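Below: the structure, in structure tokens.
Just so it is clear, none of the values below were taken in a lab; they were calculated from the coordinates. Since the structure is predicted, the reported quantities are computational estimates derived from the model, not experimental observations. Ideal geometry is used to build each Cβ from the backbone, glycine not excepted, and the neighbour counts take in all protein chains shown.
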């Protein structure tokens, strides 16, 4: 009991309270929006689940903040095995929740579904930070880069085969790119990667992408596709009508014409930003973006001030995940990026997403609390 009390006091004394307050403020805003967007359903279930997820998330934030990141690094293989087993559970327990992507785990007697890829985001950041720290002195060497790419390929490959969720797979890729850039990988490798992607693009386009996936991209550049907005452009058209329908200050919470009549698809998840635009207007959208940018900025700030290589990479990995998800979701709502089904962090409804976000940022808080490690030399491979 005394040890537990000491850990709690240590968290409040050393943890990043600024980051936690920003997360709580953004989550509180999101709960209010979820309450408004689900008002027409006549149930408080969504709000209750979101609040419960927030409480669990804060507990995990404190727990992850109190654990030394070197502890995770020492068990890197266990984290890899955990990711594999978690994704393999999609085979017997996977469900698509009506999205077409088998991305959720549904267990008997459990009231909610779990999205394993959200959990894998956290472990992937830890794995990548540990791998890169072990190659720190030769980070741009061929063995180092191949080691990093192998971990990315394993996770993305498994996720695509088992769930076919390209949106979440792209988050892993963006985390990889952000951490590799921040970790000092030579720019030549990025050029080579871009060239390989360009060479593989025609094969992926014709052999591995379904027609609806190709149309989601083509519709952004080809005005001849669905000009009436009744097929491929339908959801984007509905989203833009809601987003622009609120003007400067919006139509008011619980009073959005399209939101409250269910005319807007996925109004509490993927298109919640459009609901905010309708009910709270430009001011509400700006407030959300400021809060999210403040969280991202705090992650980058903690990373910049952290002298330890591995801890710095964890902070930049978390920031990269948030940047991609925010840009993807907002871009989808305004019609400038493909529809890939990513939610808006801390705002959209989703228990597993909210819990994993708090846990991920708990790692950043841990780096803030313990910016250096006396065992740092253990994780650096000496020059050969």
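Quick look at the numbers
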quantity	calculated
Separation of the residue 74 and residue 249 label points, Cα + 7 Å toward Cβ, nm	5.8
Label-to-label distance, nm, for residues given as residue 293 and residue 228 (7 Å Cα→Cβ offset)	4.1
Spread of Cα-to-Cα distances over 10 Å intervals beginning at zero, given as percent, for the stretch 114-256	9, 28, 27, 22, 12, 2
Burial ordering of 147, 268, fewest other beta-carbon atoms within 10 Å first	147, 268
Sorted by Cβ density within 10 Å, fewest first, the residues 290, 18	290, 18
Ranked list, fewest to most other Cβ atoms within 10 Å of each Cβ, for 40, 242, 352	40, 352, 242
Percent RCO, i.e. relative contact order, over the stretch 170-313, from Cα pairs under 8 Å lying at least 6 residues apart	18
Distance between modelled label sites at residue 199 and residue 40, nm, 7 Å Cα→Cβ extension	5.0
Kirkwood Rh in Å, taken over the stretch 274-334 so that all alpha-carbon pairs contribute	12.7
Relative contact order (%) - the stretch 2-371, alpha-carbon pairs under 8 angstrom, separation at least six	29
Equivalent-ellipsoid semi-axes of the stretch 2-371, from the Cα gyration tensor, Å, largest first	32, 27, 19
